[in-house]
Each structure stands twice: as structure tokens, then as C-alpha cells.
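Structure first, commentary second.
Nothing in this text is a laboratory measurement; each read-out follows from the coordinates by a stated rule. Nothing here was measured: the structure is a model prediction, and the numbers come from that model. So basically every Cβ, Gly included, is an ideal-geometry build from the backbone, and we count neighbours across all protein chains shown.
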Amino acid sequence: MNLEEDILIERFLRKELSKEEKKAFLKRLDTDLEFKESFLLEKELYESLDDKDWSYANNVDPKELEAYEVVFQNEETKKLQEKIGKASREYQKKGKNNVVRLYTIISAVAAIFLLFFTFNFFNSDIDNAELYASYVQKEELPSYVTRGDSDGDAKILLAADKSFKGKKYKKTLEVLERVNINNDATLLLYKGISYIELGNYEKGITTFDTLIKSDLIDAEKGYWYKSLLYVRSNQFDKAEKILKKIIANNYFKKRQAEELLSKIKK
């Protein structure tokens, strides 16, 4: 689900939709199962969190916009823009008889731009992104849905679980800020992985180090997920060191560590 749909659900829950918008919203709930599931998750979180913490409209991450700005401020992109402008000016000077030539020039420039955009923006880390995704296996993490906790934090933990499983990583972090998670390995992993997914690798490292240095029974899991962070952030030398440590000490995911190490060393 995209940001526009998140904001639409928020406006519905805040009773800000017009009659026509509300009618269309309810109709979509009846016909779009995926949208309905997202709505139920947002409703659960809305009822669990403070209004200020929950709002999507007030918590849009500027990093989502920065990536696009980087592309269009790139020197190569600017050169391509200049070529398009030059071709347009030549056309205006020489008249409409040169429309075929103009079309050829602009088509060529557009093709170059498309190749540049695709390979330099999206494919720059496609291998490490796919490698990370194939090993992170978030579905293996324990769930709070079936624990049946009855203490005061149970509802918050349930909201964190649903938010994480629903890939709402920014919201997961917001929920986890409301409870002490340093004595819970699963919640530390939720937090660390959320930071990876949001590209905040520094805070992800800090979170996994907190788990590694703890006396929790699952402390060694921090090494595995920290190695995946380094893979995702294209720091293969650091990932290699941690994977070797996992293998040497027979830590969590030793077999997968051997497999992953063989892949990044190729």
C-alpha cells in the first residue's frame, strides 16, 4: 500500500472524508481484500497509539524524497537535460521540417537517460539487496499475536508485531519507543531490521550490538542480523568478518552463514 492510501485511511479514521469520499472508501473495503487488511491494521494502531505518534501525514520520512532529488541533481542528469534543451532550441530555429531529426535526437537522449536512471539509481545495489532479502526471512521471527500476554504493555507489543509483519517499519519503531525492549531479543530484532529496511544502518548496528552485548539467551542472533545489515549496505568486508565469527563459534544460522559467505566471496 502506498503513502496516499495510508493518508486516506487516516482521514477516514479521523472522520475527515466527505460523504462522497466516505461512500467510495466503504465500497473499496467491500471489494479490495488487501486494502481492507491494511485498514484493519491501521485501525488497530490508531486505537493503540497516541494521535500524534500514529499520524502518517505528520510523519512522512523526508528520505523518501531525497533519493529522487539525488538523481535529478546528478551531474550526468544535468548534462542530459542540457542536450534535450539544445535539441529543442535547434528545432525552433530550423522549423518544423526538422521534426524527424528532432524526434531522433530526443529519442536517443531519452534512451540514454532511461539507461542511466535504471542502472545508476536502481541497479547500483540490486545484488546485495536481493541477497539480503533472500536471507533475512522475517517470517521466522517469533510472534506476539499468540502469546496471550495480559500486562499493560501487551496491546503495544501486539501493535508492534502487526506493524512489523505489515512492513510498516517506521510505525514499528514509533510503537517500540513506548516500551522497554532491551530485555526482549525479538523486539530488538524487530527494531534492528526496521532500521535496515529504512536505510538507517548506523542505528541498526547500535541495536544489534545491544542484543549481542546482552545476557539474553538469543543474544548471538544479533551477529547474524548484523551481518545481513552489512550485506544490505554493501559492506561485504565487514559482513565477511562477522560470518566467519558465526561459523567459528557455531552461532545461530551457522549453515546459512557458510552459504552466504561463499556467495559474497565470489
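Structure above, values below:
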{"item": "Electrostatic dipole magnitude of the range 190-266 [Cβ: Lys, Arg +1; Asp, Glu -1; Cα centre; debye, to 20]", "result": "260"}
{"item": "R0 of 25 Å, Cβ-Cβ distance residue 137-residue 4: FRET efficiency to nearest 0.05", "result": "0.25"}
{"item": "Difference of contour (0.36 nm per residue) and Cα-Cα distance, residue 28 to residue 238", "result": "70.9 nm"}
{"item": "Environment charge at residue 36 (Cβ cut-off 10 Å; Lys +1, Arg +1, Asp -1, Glu -1)", "result": "-3"}
{"item": "Hz values of 3J(HN,Hα) by residue in the range 231-247 - Karplus curve (6.51, -1.76, 1.60), Gly and Pro given as x", "result": "5, 5, 8, 6, 10, 5, 5, 6, 4, 4, 4, 5, 4, 5, 5, 4, 5"}
{"item": "Out-of-range pairs (alpha-carbon distance over 29 Å; input 19/138; 15/138; 43/226; 167/226)", "result": "19/138; 15/138; 43/226"}
{"item": "Cβ-defined net charge surrounding residue 248, 15 Å radius [Lys, Arg +1; Asp, Glu -1]", "result": "+3"}
{"item": "Backbone HN-Hα couplings from phi across the range 200-212 [Karplus 6.51/-1.76/1.60, Hz, Gly and Pro as x]", "result": "9, 5, 4, 6, x, 4, 4, 5, 5, 5, 4, 5, 4"}
{"item": "For the range 127-264, projected area of the alpha-carbon convex hull averaged over all directions, nm²", "result": "7.9"}
